[in-house]
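Read through the structure below, which is laid out as structure tokens, and then see the notes.
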Amino acid sequence: MNPEVGEVITSALPLAPILTPLGLGLLLLLPLRRGWRVGLALASALLTLIFALLLMNATLGGVLVSELGGWKAPFGIVMAADRLGSFMSALAALCGVFTVWLMAAQPDPVRERHHSFALTSFLFAGVQLSFLTGDLFNLFVAFEVMLVASYALAVLGSTREQLREGFRYIVMNLSASALLVVACGLAYGTLGTLNFAHLAQRSAALGPNTTVTAVGVLLLIVFAAKGALFPLGFWLPGTYPAVPHATGAFFAAVLTKVGLYALIRVFTTVFGQDPQLPDTLLLVLGAVTMLYGALGALSQREWRRILSFTVVGSVGYLAFGLGLDSPDALRGSLAYLAVSVVVTLAMFLIAAVAERASGMRLVRARGFIEFLPLLAACFLLCALTVAGLPPSAGFVAKYALIRAGLEGGTVLAGIATASALISSFITLYALLRVWSSFFWGRHPQGEPVRRVRWPERLPAYLASALVVALAVFAGPLLGYARATADELGSNGYYILGVMGEGPLNLPARPKGDDVQEPEDGP
Amino acid sequence: MSPRRAAKRAVKAVADRPQPGDLLINDPILKTISRAAFALVMLFALLLLWRGHNAPGGGFIAGLMTVGALILHRIANGDSALRLDPVKFIPWGLALSLTTGLVPYLLGRSFLKSDYGYITTALTGEFEWATALLFDLGVYLVVVGAGLSLAYALIEVEPTELVEGDR
């Protein structure tokens, strides 16, 4: 539909990617044999992906709204999917399929007995809910669903390292969640609503207001902690390498991006009134985070620790793009977001194969190009993509970002752009060093080389193929990012899509034989 | 008296000092009153559950009250009033709530849409039924399961390793 028509399109579709993993995750709690569990988990991930893709297709025509219990937008809870939300939902569902595949390929009887499949499914449900929810409080609920599942997955297995790192992860995220509730309360106290569209309407009606700005900055801090921006992201590089390969790949590819999605949603759709302070903060944090990620990657010696720092770096680029606050920068950020999710997934899957093949976490063994030539090629490709060199999708996205940065004009934007360029080179050096010390050279005699079965290798190759596909279809990707950025830029689109036009009407009262006012107890 | 409690009492006779996890307050006043209080609190919890879909109350608060009643029973009598593992309630409650929401969704209406109607019986007069009650019942089960599991986990502290100062 056209947003001009002013009708809210209600559809069942925005709920489908949330309910599928939730319902099938509950079934996974039943005492089933492993084959059934794997089948169910795979079916849940694939169905979620199909629904997310359908949703992405449907949101080309406008914002889709699911009303829970049939109550309209500002009164009831709604799920709302626009291009951004459905796109993120599809990316997360894609990562989910790879995660379940790798979990199925690496049997882990102890963790599976403690329901790792069901927990992963709940994690997917939480992630999907956070991308598709239409109000701030349900964003908090979604974060909690996602985080509770991730806490359990982070410490499942109870190795000493997991417990140590998991504790930091839990404490950090719990405090961020507490702040999020405070921000919800402040927003409700000031504006009297929690629905994103209604919040946007009311804060626009209120005009620039210090309390609203304070709420915005509070939310920025919360989402920066969830997204692992510089001073608040110290937990990330320790936590992700401690969890098993499959879940670690999903954590790395998607969980930080949930925080970034929330930042985009809040600062484009909801609190666009007074962008100066949040933008400055985002630019500064982004510039520092990029350098921190790049230097951190250089300082590490373990596969997944190095990659975790590149995740931190990629979050920095996204914050930088958001902080520039121009349509071009937003387009670049969205394209980079897609590239970053896919390439992080591919990198972690490659690291899983490499760690299994060499039997250790350190990047020390040499000469693996002899045993895994295809993997070496995939890694090189992904390294170029992460660093953003020409024949890759990373280049296209980073080029868009850097150009937007140069057009930004302010001194701060210039500094952040320089930081982006420098940290790209450092990241490239760090990753090429991994390549040369793992794949290049002659394999030392006596060091074991374990055979990695093809079901474990295939996801890494397929994810790398997706990275190639992103480079080949960079044009459509940028086009989609442009359309999404335009949609986010035209402020009324989301608001009208959720709230409809015209004055708010209280919903009709239910028609019973005699509806009586609720009494105050007997 | 549960065998567990008997064993604990035997240990107590030997060691003559309270063991960790002991809850033997053995107070006749508390025991007597707790029996009446348990029934009253449970009745009130059920009332809250019953009217919750349309008036103050609901599955969550009813579940919390039930947990309170069961903990009181446990403190007064030293054994659990339930013969089931409370953790088992959680998935069933969740499944019940989800199914209540899912049925209208799969029939092409809004997710969680509640059906309701009015029934008149000779005994009760007219009253309203709603499928939201089933949803509330699911929430109730989840809250009871989760609350009791938490409380029991905290009550049944059984230190397995000695630390400094234990001896």
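Computed from the coordinates by the stated procedures, all read-outs in this text should not be read as laboratory data. Computed from a predicted model, the values in this text were never measured in an experiment. FYI the Cβ positions are ideal-geometry reconstructions off the backbone, even for glycines, and counts take in every protein chain you see.
At 7 Å along Cα-to-Cβ for each site, give me the label-to-label distance between A:Phe473 and B:Asn26 in nm.
For A:Phe473 paired with B:Asn26, the spin-label model returns 7.5 nm.
Give me the net charge for the shell around A:Glu165: Cβ to Cβ below 14 angstrom, other residues only, Lys and Arg +1, Asp and Glu -1. Mind showing how you got there, number by number?
Values: positive: A:Arg160, A:Arg164, A:Arg168, A:Arg304, A:Arg305, A:Arg361; negative: A:Glu161, A:Glu302.
Local net charge: +4.
Just want to confirm a number: the relative contact order over chain A, from Cα pairs under 8 angstrom separated by 6+ residues, in percent.
Numbers: 869 pairs, mean separation 82.8, N = 522.
Taking the mean separation of contacting Cα pairs over the length of chain A, I get 16 percent.
Enter the mean projected area of the convex hull around the alpha-carbon atoms of the protein assembly as shown, in nm², rounded to one decimal.
Numbers: hull surface 145.0 nm².
Taking a quarter of the hull surface, the average projection is 36.3 nm².
Provide the packing ranking of A:433-443, A:448-458, A:44-54, i.e. peptides ordered by the mean count of other C-beta atoms within 10 Å per residue, highest first.
Working: A:433-443: 16.3, A:448-458: 13.8, A:44-54: 21.5.
Ranked from most to least packed, the peptides come out as A:44-54, A:433-443, A:448-458.
What is the average number of partner chain Cβ atoms found within 10 Å of a Cβ in A:61-71?
Working: counts 0, 0, 0, 0, 0, 3, 4, 6, 10, 7, 3.
Whole-number average of other-chain Cβ neighbours for A:61-71 is 3.
Which residues in region A:445-481 place their backbone N less than 11 Å from a point set 7 Å from the Cα of A:Glu370 along the Cα-to-Cβ direction?
Backbone N within reach: A:445-447, A:449.
Could you work out, residue by residue across B:110-120, how many beta carbons of other chains sit within 10 Å of that residue's beta carbon, and then give the average as an integer? Walk me through the numbers on the way to the answer.
Numbers: counts 10, 13, 8, 5, 3, 0, 2, 2, 4, 0, 1.
Counting Cβ atoms of other protein chains within 10 Å of each residue's Cβ and averaging gives 4.
Using Stokes-Einstein with the Kirkwood hydrodynamic radius over Cα pairs, what translational diffusion coefficient do you get for region B:79-121 at 10 °C and a viscosity of 1.306 mPa s, in µm²/s rounded to a whole number? Provide the component values of the computation, followed by the final result.
Values: Rh = 12.9 Å.
Translational diffusion coefficient: 123 µm²/s.
Determine the distance separating the Cα centre of region A:102-140 from the Cα centre of region A:443-503; give it in Å without decimals.
Here the two parts' Cα centres lie 19 Å apart.
So if I place +1 on the C-beta of Lys and Arg and -1 on the C-beta of Asp and Glu, and nothing else carries charge, what would the dipole magnitude of region A:46-196 be about its Cα centre? I want it in debye, nearest 20. Can you show the working numbers first?
Values: 7 positive and 8 negative charges, 33 e Å.
Once rounded to the nearest 20, the dipole reads 160 debye.
Using a cut-off of 12 Å between beta-carbons, work out the net charge of the residues near A:Ala400 (Lys and Arg +1, Asp and Glu -1, A:Ala400 not included). Don't jump to the answer; show the numbers that get you there.
Details: positive: A:Arg331, A:Lys398, A:Arg403, A:Arg482; negative: A:Asp328, A:Glu407.
Around A:Ala400, the charge tally is +2.
Before anything else, pin down the relative contact order of region A:276-497: Cα pairs under 8 Å, at least 6 apart, normalised by residue count, whole percent.
30 percent
Quick one: A:Asp108, B:Asp136, B:Asp85, fewest Cβ neighbours within 10 Å first, how do they rank? Spell out each step's value before the answer.
Numbers: A:Asp108 15, B:Asp136 26, B:Asp85 12.
By the 10 Å Cβ count, ascending, the order reads B:Asp85, A:Asp108, B:Asp136.
Taking the Cα centre of each part, how many Å lie between region A:68-89 and region A:201-252?
21 Å
Mind jotting down the distance between the C-alpha centroids of region B:92-128 and region A:385-411, whole Å?
Spelled out, the Cα-based centre of one part sits 54 Å from the other.
Taking +1 at the Cβ of each Lys and Arg and -1 at the Cβ of each Asp and Glu, which of B:Leu150, A:Val266, A:Phe87 sits farthest along the dipole of the protein assembly as shown towards its positive end, judged by Cα position relative to the Cα centre?
B:Leu150
Run the helix sum for the protein assembly as shown: -39,500 (n - 2.57) per DSSP H stretch of 4+ residues, divided by residue count, reported at 222 nm to the nearest 500 deg cm²/dmol.
Values: 26 runs with 463 residues, N = 689.
Taken over the protein assembly as shown, the calculation gives -22500 deg cm²/dmol.
Given labels modelled 7 Å from the Cα in the Cβ direction, how far is it in nm from A:Leu46 to A:Leu412?
4.9 nm
Specify, per residue and in Å³, the volume enclosed by the convex hull of the alpha carbon atoms belonging to region A:276-497. The partial results should precede the final answer.
Working: hull volume 25.4 nm³, N = 222.
Hull volume normalised by residue count: 115 Å³.
Among B:His53, A:His114, A:His245, rank each residue by its count of other Cβ atoms within 10 Å, from fewest to most, as a rough exposure measure.
Details: B:His53 20, A:His114 15, A:His245 23.
Ascending Cβ contact count within 10 Å gives the list A:His114, B:His53, A:His245.
Using +1 on the beta carbon of Lys and Arg, -1 on that of Asp and Glu, and nothing else charged, what's the dipole of the protein assembly as shown about the Cα centre, debye to 20? Walk me through the numbers before you get to the answer.
Details: 48 positive and 42 negative charges, 522 e Å.
I would put it at about 2500 debye.
Report the net charge of residues surrounding B:Ala62, where surrounding means a beta-carbon distance below 11 angstrom and charges are Lys +1, Arg +1, Asp -1, Glu -1. Before the final figure, lay out the partial values.
Working: positive: B:Arg51; negative: B:Asp136.
Here the charged neighbours net out to 0.
Across peptide B:90-97, what mean number of C-beta atoms from other chains lies inside 10 Å of a residue's C-beta?
Working: counts 1, 6, 2, 0, 5, 5, 0, 0.
What the average comes to for B:90-97 is 2.
Place +1 on the Cβ of every Lys and Arg and -1 on the Cβ of every Asp and Glu in chain A, take the dipole about the Cα centre, and give the residue among A:Tyr336, A:Met103, A:Val141 whose Cα lies farthest towards its positive end.
A:Met103
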